[in-house]
1. Which residues, counting only those in the stretch 77-105, are assigned to a loop (DSSP other than H, G, I, E, B) and in contact (Cβ under 8 Å) with a residue 24 or more places away in the chain?
2. Restrict the check to the stretch 53-63 and report whether at least one residue is among the hydrophobic types (A, V, I, L, M, F, W, C), farther than 22 Å from GLU121 by Cα and at pLDDT below 95.
3. Which number in (1) under 15 Å from the mean Cα position of the chain (by Cα); (2) modelled with pLDDT of 95 or more; (3) of a type in the set (A, V, I, L, M) marks the one condition that LEU103 misses?
4. Report, ordered by the first and then the second residue, all pairs with beta carbons closer than 7 Å, sequence separation of six or more or different chains, a first member in the stretch 106-121 that is part of a loop (DSSP other than H, G, I, E, B), and a second member that is surrounded by 14 or more Cβ atoms within 10 Å (Cβ to Cβ).
5. Could you list, in sequence order, the residues of the stretch 37-58 that are more than 18 Å from ILE109 (Cα to Cα) and among the hydroxyl-bearing types (Ser, Thr, Tyr)?
6. LYS94: at pLDDT 95 or above and among the basic types (Lys, Arg), yes or no?
Amino acid sequence: MIKRLFTLFNIIFLSSSVIFGQNQEKPKTIEELAIEEAVRLEKELKLEPHQAFYIDSILQHDMKAMDDEMQAMRASGMQDFRHYEDVRKRWIEKMKTSFQKVLTEEQYIHYLKDVGLYKKEKKAKEPKKKKK
């Protein structure tokens with residue numbers, strides 16, 4: 001009796017794990033993520049067709065280059081998280097600079113607000129007050 005329950009439990013457990021495993025999606029590629037972000041920005045910022053083309057091109061290139069750089073760091077055995085964070089920040093800054101060239105001022109401000117960088121950018125542009 002116990003042996004049958006144990007066998008039944010194993011069958012249920014294994015079949016549920018197989019079913020669960022089949023329902024999982026494959027991780028998206030960098031190119032797919034770039035396309036999704038370009039589509040989202042096109043809708044969110046109400047981009048003109050030429051702007052959407054440039055934004056998609058920027059995302060495709062920069063996200064791939066950032067991923068390649070991080071993969072090379074992983075392959076070399078880099079384990080310090082700060083280096084990965086520095087690479088990410090550098091590529092985000094490059095994308096931001098490229099976006100600023102393509103977007104109107106209003107669209108760029110909307111983009112900065114959307115990604116949570118508006119206050120930081122605004123603060124960086126303000127002249128620093130001298131302490132007395």
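1. LEU103
2. Going residue by residue through the stretch 53-63, those that are among the hydrophobic types (A, V, I, L, M, F, W, C) are 53, 55, 58-59, 63.
Then keep just the ones that are farther than 22 Å from GLU121 by Cα; that gives 53.
Among the residues that remain, those that are also at pLDDT below 95 are: none.
Within the stretch 53-63, none of the residues are among the hydrophobic types (A, V, I, L, M, F, W, C), farther than 22 Å from GLU121 by Cα and at pLDDT below 95.
3. (1)
4. Taking only residues 6 or more apart or on different chains, not a single pair turns up.
5. SER57
6. Yes: the conditions hold for LYS94.
The values are calculated or read from the model by the stated rules, or taken from the named source; none is laboratory data. The shown structure was predicted, so the numbers you read here are calculated from the model rather than taken from an experiment. Don't worry about glycine lacking a Cβ; one is built from the backbone with ideal geometry, like all the others, and counts go over all protein chains shown.
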